[in-house]
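> Here it is, the structure, as structure tokens.
The values are calculated or read from the model by the stated rules, or taken from the named source; none is laboratory data. Here the structure is a predicted model, which means the values were calculated and not measured. FYI the Cβ positions are ideal-geometry reconstructions off the backbone, even for glycines, and counts take in every protein chain you see. Protein only, heavy atoms only, side chains kept; ligands, DNA and RNA dropped before computing areas. Shrake-Rupley method; radii C 1.70, N 1.55, O 1.52, S 1.80 Å.
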Amino acid sequence: MPMPLPALAKRVIRLKTVGSTMDVARSLAELGWPEGTVVVAEEQTVGRGRLGRPWASPRGGLWFSLLLRPSLKGELLSLLPIAVALAVARALKALFGIKAGLKWPNDVLIRGKKVCGVLVESSSCGHEVSYAIVGVGINANFGLEELPEDLRGSATTLREELGRDVDLEELLMAVLRELQELYRVLKEGSSEGVLREAERLMGFPRGLRVLVGRDVLSGTAIGLADDGSLLLRLPDGRVERVHWASATVLADQA
Ligand code: BT5
């Protein structure tokens with residue numbers, strides 16, 4: 001019997017080529033489309049990452065955005081990127097037996113190479129978050145030669161890892177199913193287990209160099225704070241809380 005569709009896949013819009021699924025999802029959000037609206041594209045011409053960085057999105061990948069309308073408190077929103085990355089790691093394990101790792105704050109890695117990136121954008125009205133758009137990009141059915149040359153050393157794809165192509169629809173539904181469960185747990189306010197599981201997959205403690213604004217901080221990542229911030233122990237013993245919104249891990253010294 002086929003698995004029932006996850007409730008987070010209430011309406012799935014399938015497109016061939018778009019600029020970015022984030023923009024389509026945002027337009028639908030502004031028009032009042034419900035939580036669980038998913039926009040999937042075969043290819044993106046201007047896929048984006050965090051802080052205005054480009055995201056390469058050739059045909060064969062799984063590129064989608066999911067609209068959430070949580071009566072979100074700020075803390076829940078700040079945990080979303082980690083929960084989404086965790087959902088992808090769980091789905092890769094469940095479907096393909098892949099043991100993926102996480103790189104704070106929002107990357108999913110296989111053998112240390114980036115197979116997936118997560119982007120969360122939100123719109124607020126006063127203190128209320130009116131909606132959040134979760135963007136997920138998974139390098140699936142294409143080879144490294146489809147990516148820009150400078151990314152080939154740091155990225156991987158499921159085809160490279162498995163030596164075969166995967167069913168993108170099955171992958172999409174598996175990620176949404178895992179995310180639905182994690183989202184439920186977060187909404188209940190019980191983020192503890194999610195944070196500890198993410199920490200395990202991030203392989204803490206490990207030495208990191210993190211760019212925060214214009215400053216570079218070097219230290220040992222020792223864990224995640226309640227809001228998903230990185231707890232970085234500096235050489236002088238102080239523990240710095242680094243919020244993910246403005247931070248990028250430069251180098252992993254583990
Ligand atoms: C991310 O940003 O990793 C978030 C990526 C989110 C992409 C999805 S696809 C569906 C939805 N629509 C969008 O337009 N975006 C979302 P960040 O942590 O800033 O990482 C970006 C960096 O990853 C770039 O600067 C490159 O170094 C690298 N990169 C770009 N494309 C890549 C790819 N396909 N695979 C691996 N690394 C990539």
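> Looking for whichever is within 16 Å of the ligand (Cβ to nearest atom) and small (G, A, S) here; the options are G97, G163, G101, G126. Which one fits?
G101
> Let me ask something additional. Which one is nearest to the ligand (Cβ to nearest atom), of the residues in region 104-123 that are closer than 20 Å to Q180 by Cβ and polar (S, T, N, Q)?
Per the criteria, the residue is N106.
> Is it the case that G163 is farther than 14 Å from A89 by Cβ, of a type outside the set (A, V, I, L, M, F, W, C) and in contact with a Cys (Cβ under 8 Å, 6 or more places away or on another chain)?
It is false that G163 is farther than 14 Å from A89 by Cβ, of a type outside the set (A, V, I, L, M, F, W, C) and in contact with a Cys (Cβ under 8 Å, 6 or more places away or on another chain).
> In region 1-45, which residue that is among the basic types (K, R) and within 14 Å of the ligand (Cβ to nearest atom) is surrounded by the fewest Cβ atoms within 10 Å (Cβ to Cβ)?
R14
> State which residue pairs qualify: first residue modelled with pLDDT of 85 or more and inside region 6-20, second residue of a type in the set (D, E) and within 16 Å of the ligand (Cβ to nearest atom) in any location, beta carbons under 9 Å apart, and separation of 6 or more residues or different chains.
R14/E42; L15/E42; K16/E42; K16/E43; T17/E42; T17/E43; V18/E42; V18/E43
> Let me spell it out: the conditions are (1) assigned to a helix (DSSP H, G or I); (2) farther than 19 Å from L119 by Cβ, and L51 meets all of them except one. Which number is the exception?
Only one criterion is unmet by L51, namely (2).
> Related question: Can you say whether P81 is open to solvent by less than 20 Å² (accessible area, probe 1.4 Å), closer than 22 Å to L158 by Cβ and touching a strand residue (DSSP E or B) at 6+ places or on another chain (Cβ under 6 Å), as far as the supplied structure shows?
yes
> I want to confirm something. Restricting to region 179-192 and keeping residues that are open to solvent by less than 50 Å² (accessible area, probe 1.4 Å) and not hydroxyl-bearing (S, T, Y), which single residue is nearest to K10 (Cα to Cα)?
L179
> Among what's in region 114-128 and is within 18 Å of P54 (Cβ to Cβ) and touching a residue at least 40 places away in the same chain (Cβ under 8 Å), pick the residue that is most open to solvent (accessible area, probe 1.4 Å).
K114
> Can you give me the number of residues within region 129-148 that are open to solvent by 50 Å² or more (accessible area, probe 1.4 Å) and within 12 Å of the ligand (Cβ to nearest atom)?
2
> Let me ask something else about it. Out of everything in region 198-243 that is open to solvent by less than 40 Å² (accessible area, probe 1.4 Å) and charged (D, E, K, R), what residue ends up being modelled with the lowest pLDDT?
Checked region 198-243; the qualifying residue modelled with the lowest pLDDT is D227.
> Then there's this: I'd like the full set of residues that are of a type outside the set (D, E), assigned to a strand (DSSP E or B) and in contact with a Leu (Cβ under 8 Å, 6 or more places away or on another chain), limited to region 34-48.
The answer is T37, V38, V39, V40, A41, R48.
> Taking region 48-63 only, how many residues are surrounded by fewer than 24 Cβ atoms within 10 Å (Cβ to Cβ) and within 7 Å of the ligand (Cβ to nearest atom)?
8
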